[in-house]
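What follows is a single structure, written as structure tokens, with notes after it.
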Amino acid sequence: MVFRDSAFALSIAKVGRYIIKKTSLNDAIRYDALPSIEQRNDDEADFVVPRPYHNRQLLWISLCRLAEPIAATSTTAYIYHYIRHLNGCDDGNVGYFVGLLSAAFAAAQFVTGFVWGPISDRIGKKNCILLGLLGSSFSHLIWGFSSNLKMAFIARLLSGSLNANVSMYKSMIGNMEERDHGVGFAMLAGIWTIGSIFGSFLGGHLAFSSKMMDNMDANLWCMYPALLISMVCSGLLLAAFILAVFTLEEVCCCIHKHTSPY
């Protein structure tokens with residue numbers, strides 16, 4: 001019995017030493033074994049390990065991200081009436097077109113998300129975010145000036161295909177210090193919730209606002225009932241674009257042209 005207990009304890013000790021050895025080896029591979037810039041060859045010399053970020057970057061990412069859920073959820077409050085307006089009050093097909101236009105944004109974003117990933121490795125995450133914000137701002141203006149369903153559908157496709165910013169924000173947070181990951185990823189979810197609240201509120205109050213514009217050209221707002229809310233969302237996205245230009249930092253010190261050696 002003593003022999004069996006001793007053999008069992010010995011086997012446990014061996015397993016423990018093996019785990020410690022493998023953990024130490026992984027840490028060495030992850031940190032100590034990374035080659036320095038001088039040790040890399042010419043093909044890998046333009047890849048630089050991301051530099052540490054300051055905590056204020058989380059604040060800038062949050063503010064830039066806030067405009068997107070406001071713009072994305074603002075349409076949910078009035079899209080049914082907007083489709084009726086564009087479709088000539090044909091109530092029989094309103095539900096079908098509401099579902100089609102609502103799905104167009106998500107489908108375009110899903111398909112083009114696989115394209116924006118390699119592009120961001122070439123031109124940088126910050127530049128992709130700037131293109132996404134600018135493209136979303138432009139597509140919301142098209143949505144506001146839509147006079148038929150085809151134009152509205154194109155606007156939704158453009159808004160989804162030109163905007164893959166959520167993955168870019170997550171990538172930038174992933175390249176920060178590890179202690180900031182939990183706060184950063186939770187912050188993105190919280191920002192979406194806050195933006196959804198304001199987006200639905202603004203969409204319900206600013207769409208079909210011809211009665212609010214008695215002192216202005218009422219014919220314009222009657223012809224384009226979603227123009228006012230679209231202009232507000234476009235302005236918020238443009239403000240986020242300007243903020244991102246001056247505050248966001250690139251993930252890497254220089255953009256690499258080749259595949260990461262890691």
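From the list Ile173, Ile197, which one is in contact (Cβ under 8 Å) with a residue 12 or more places away in the chain and more than 13 Å from Phe105 (Cβ to Cβ)? Write out each step before concluding.
Working: Ile197 fails: in contact (Cβ under 8 Å) with a residue 12 or more places away in the chain.
From the options Ile173, Ile197, the qualifying one is Ile173.
I'm told Arg156 meets every condition in (1) of a type in the set (D, E, K, R); (2) crowded, with 19+ Cβ neighbours inside 10 Å; (3) farther than 22 Å from Ala207 by Cα except one. Can you identify the failing condition by its number?
If we test Arg156 against (1) of a type in the set (D, E, K, R); (2) crowded, with 19+ Cβ neighbours inside 10 Å; (3) farther than 22 Å from Ala207 by Cα, just (3) comes out false.
State whether the residues of segment 171-182 include one that is in the same structural domain as Tyr78 (by TED's automatic domain parsing), of a type in the set (S, T, N, Q) and modelled with pLDDT of 85 or more. Talk me through it step by step, then tell me what you get.
Quick first cut of segment 171-182, residues in the same structural domain as Tyr78 (by TED's automatic domain parsing) only: 171-182.
Checking which are of a type in the set (S, T, N, Q) leaves us with 171, 175.
Keeping just the survivors that are modelled with pLDDT of 85 or more gives none.
No, that holds for no residue.
Matching residues to (1) in the same structural domain as Asn219 (by TED's automatic domain parsing); (2) out of contact with any helix residue (DSSP H, G or I) (no Cβ under 9 Å at 6 or more places or on another chain); (3) within 30 Å of Gly184 (Cα to Cα):
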{"position": "Cys64", "(1), (2), (3)": "yes, no, yes"}
{"position": "Ile79", "(1), (2), (3)": "yes, no, no"}
{"position": "Tyr82", "(1), (2), (3)": "yes, no, no"}
{"position": "Gly92", "(1), (2), (3)": "yes, yes, no"}
{"position": "Lys126", "(1), (2), (3)": "yes, no, yes"}
{"position": "His140", "(1), (2), (3)": "yes, no, yes"}
{"position": "Trp143", "(1), (2), (3)": "yes, no, no"}
{"position": "Phe153", "(1), (2), (3)": "yes, no, no"}
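If you take just the helices (runs of 4 or more DSSP H) that sit entirely in segment 47-136, which of them hold at least 1 residues that are modelled with pLDDT under 85 and either among the small types (Gly, Ala, Ser) or farther than 28 Å from Phe208 by Cα (or both)?
Details: elements: 56-73, 79-86, 94-123.
The qualifying helices (runs of 4 or more DSSP H) are 56-73, 94-123.
For segment 103-123, which positions are touching a Lys or Arg at 6+ places or on another chain (Cβ under 8 Å) and either surrounded by 13 or more Cβ atoms within 10 Å (Cβ to Cβ) or over 16 Å from Met168 (Cα atoms) (or both)? Walk me through how you get there before you give the answer.
Just the residues of segment 103-123 that are touching a Lys or Arg at 6+ places or on another chain (Cβ under 8 Å), to begin with: 104-105, 108, 122.
Selection gives Ala104, Phe105, Ala108.
Filter segment 153-202 down to residues that are under 29 Å from Val98 (Cα atoms), over 15 Å from the mean Cα position of the chain (by Cα) and small (Gly, Ala, Ser), then give me how many there are.
Here the count works out to 3.
The values are calculated or read from the model by the stated rules, or taken from the named source; none is laboratory data. The structure presented is a predicted model; accordingly, all values stated were derived computationally and were not measured. As a convention, Cβ positions derive from the backbone with ideal geometry for all residues, glycine included, and neighbour counts pool all protein chains shown.
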